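Just below is one structure, and these are the notes that go with it.
The values are calculated or read from the model by the stated rules, or taken from the named source; none is laboratory data. Just so it is clear, the model here is predicted, and its values are computed rather than measured. Ideal geometry is used to build each Cβ from the backbone, glycine not excepted, and the neighbour counts take in all protein chains shown.
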Amino acid sequence: MRRARGLNRRARVYAGGGRGERAARPEGAPVKPGTPEDGPDPNRWRALWVTLVAGFMTLLDVTIVAVALPSLQKELHTSAAAVQWVVSGYALAFALTLVTAGRVGDAFGRRRVFLIALAAFVLCSAAAGAAPGIVLLVVARLAQGVAAGSIAPQNSALIQQLFRGEERGRAFGLFGATVGVSSAVGPVVGGLILALAGPQGWRWIFYVNVPVGVVALLLGMRFLPRVAPAGRGRLDPVGVALLGAGILALMLPLVLAEGGGVARVWWLFPVGAALLVAFARWERRVARRAGEPLLDPALLTQARGYATGAGLGALYFVGFSGVWLVFALFFQNGLGYSPLRSGLAVTPFAVGSAVAAAVAGRLVDRLGRLLTVWGLVAVMVGLGTTALVLWLAPGDRAALYAAPALLVGGLGSGCVISPNITMTLREVPVRMAGAAGGALQTGQRLGGAVGTAALPGLFYLVLNAGGDDYHRAVGLSVGTGVAAMVCALAVAVLDWRRDHRHDERRCPPETAHSHAHASQS
C-alpha cells in the first residue's frame with residue numbers, strides 16, 4: 001500500500017507538477033534546452049547554485065543589518081526611528097515586489113528578470129555602502145528591496161522549470177536550506193563583519209554583496225537557460241495596484257511598530273483587508289474573461305495543497321522570524337554579549353536547519369506532508385525548551401545550556417521550510433510558477449512582519465512590567481512564537497489527512513495489493 005502511494009506520488013510529480021506544464025511553451029515557439037519536451041537541462045545544477053547564491057544574499061540582507069544598527073546610528077548621527085527604516089524599508093519593498101515580479105518573470109522570461117534584478121541589487125548594495133547620510137541610505141535600501149523581491153520568485157520558478165521528479169525535491173531542499181539558514185546566520189555574519197572591519201564596518205555589510213553579486217551575475221549569464229516565456233507579455237495593472245496597496249496597508253503599521261505605528265495607524269489593517277478582498281474579486285473577474293490575472297485564482301482549486309501550504313508558511317514565519325530579534329535583544333542587552341557572540345549563540349539552530357533541509361529534500365517525495373508535521377513538532381519542542389532554559393538558566397551559561405535545544409529546533413525547521421515549499425508548489429503549472437512562488441513568499445514576509453513586530457513588542461512589555469527581568473521576557477516571547485507554530489501544525493495535520501484520503505481514493509487496497517504482487521513477481 002505504502003509503496004503504491006509512493007509510486008503514485010512520484011508519477012504525479014514526474015508528470016510535471018500539475019496541469020499546464022506541457023502547455024507552458026507558446027504555440028509555434030522553438031523548443032529550448034531544459035523544457036519538458038527536450039529533457040533535462042545539462043546545466044540545471046549549475047544554474048541552481050547561481051540562483052541560490054543570489055537568493056542567499058537577498059534573504060541575508062533582511063537580518064544581517066540588524067546587528068549593525070547601533071554603530072550605523074552613531075556614525076550617521078541620526079535617530080533610532082530613522083535608522084530602523086534601513087531594516088524595515090528593505091523588508092517592506094521586498095514584500096511589495098514579490099508577486100508582481102513573479103508574474104513579470106512568467107510573462108517576459110525568468111532569466112531576463114533575474115539578471116536585471118541581480119545587477120540592480122549589486123548597484124544598490126554599492127550605493128548603500130557609500131551613502132553619506134541616512135536619507136540616501138534608506139533610498140538605496142528601498143531600491144535594494146525592490147531588486148531582492150524581483151529575484152526571489154524567479155528562484156522557485158526556475159526550480160519548477162528545470163527539475164522533475166525526485167530531483168525537484170532535492171533542489172527545493174537546497175532552496176529551503178538557503179531560506180532557513182540565511183535568516184539564522186545573518187546575525188553571525190553581521191557580527192563577524194563588524195568585528196573585522198572596524199569603525200566603518202557597517203558599510204562592508206553592504207559592500208560584501210558587490211563581488212559576490214558580480215560573480216553570480218556572470219555565471220548566471222552563462223548557465224541560466226534561455227526559455228521562451230509562457231505568457232503573452234501582458235500584465236494586470238489593476239491587480240498590481242490593488243495587491244500592492246493591500247500589502248502596504250497591512251505591513252506599514254508593523255514596520256512602524258517600534259515608533260508606535262500600530263497605535264497611530266491601526267485603521268490601515270481593515271483597509272488592507274478590504275483591498276485584498278477587492279483584489280481577489282478582480283482576479284476572478286479577469287480569469288472569467290479569459291485574461292491574464294496577476295495571480296490566477298485557479299491556483300487555489302487546481303493546484304492541490306497550494307492554499308494550505310501558503311497559510312502554513314505564513315503562520316510558521318510569525319514565530320520563526322520574530323524569535324531572532326528576541327534572541328538578539330536578550331543576549332546583547334540582557335547578558336551583555338557582543339554582536340558576534342550573540343550570533344554564535346544561535347548557531348546550533350542554523351547548523352541543524354542546514355543539515356535537515358538538505359536531507360528533507362530527498363525524503364519529501366516519500367513522506368509528503370507528514371515530514372512537515374514531524375518537523376513542526378521538533379521545532380516547537382526545541383524552541384519551547386529553549387524558552388524554558390533561557391528563563392531559568394544563569395546568565396553566563398544560558399547560551400551553552402540552550403545549544404542542544406536550539407539544535408533540535410533547527411533540525412525541525414529544516415524539515416518544515418523546504419518540504420513545505422515543495423509540497424505547496426508541487427502541482428503548480430510552470431507557466432504560473434513565478435507568481436505562485438512570489439505569493440508564497442509574500443505570505444512568509446507578512447508572517448515575518450507580524451512576528452518581528454509582535455514578539456519584540458511583547459519582550460519589551462514584559463521587561464517594563466517585570467523590572468528588567470530579561471530571562472522572563474525572553475521565555476514568554478519565544479513561547480508566544482511557539483504558539484503561532486501550533487497553528488501551523490494544525491494546518492499541516494489537516495493537509496496531511498487530506499493527502500492521505502486523496503491517496504486512498506487514487507490507490508484502493510486491491511490496487512495496492514496488485515502492485516505489491518507484481519513487484520514480488
LEU446 being modelled with pLDDT of 75 or more, within 20 Å of the chain's Cα centre (by Cα) and assigned to a helix (DSSP H, G or I): yes
Between GLY352, GLY336, which is free of Cβ contacts under 8 Å to residues at least 40 places away in the same chain and either within 23 Å of LEU489 (Cβ to Cβ) or out of contact with any strand residue (DSSP E or B) (no Cβ under 6 Å at 6 or more places or on another chain) (or both)? GLY336
Is it fair to say THR385 is in the same structural domain as GLY191 (by TED's automatic domain parsing), in a helix (DSSP H, G or I), under 22 Å from the mean Cα position of the chain (by Cα) and of a type in the set (Ser, Thr, Tyr)? no
Criterion first (within 22 Å of VAL430 (Cα to Cα) and either in the same structural domain as THR347 (by TED's automatic domain parsing) or outside any loop (DSSP other than H, G, I, E, B) (or both)) does VAL179 satisfy it? yes
Helices (runs of 4 or more DSSP H) enclosed by the stretch 279-371 - at least 2 residues per element that are within 20 Å of the chain's Cα centre (by Cα): 299-302, 306-328, 347-367
Of all residues in the stretch 370-389 being aliphatic (A, V, I, L, M) and free of Cβ contacts under 8 Å to residues at least 60 places away in the same chain, which is surrounded by the fewest Cβ atoms within 10 Å (Cβ to Cβ)? VAL381
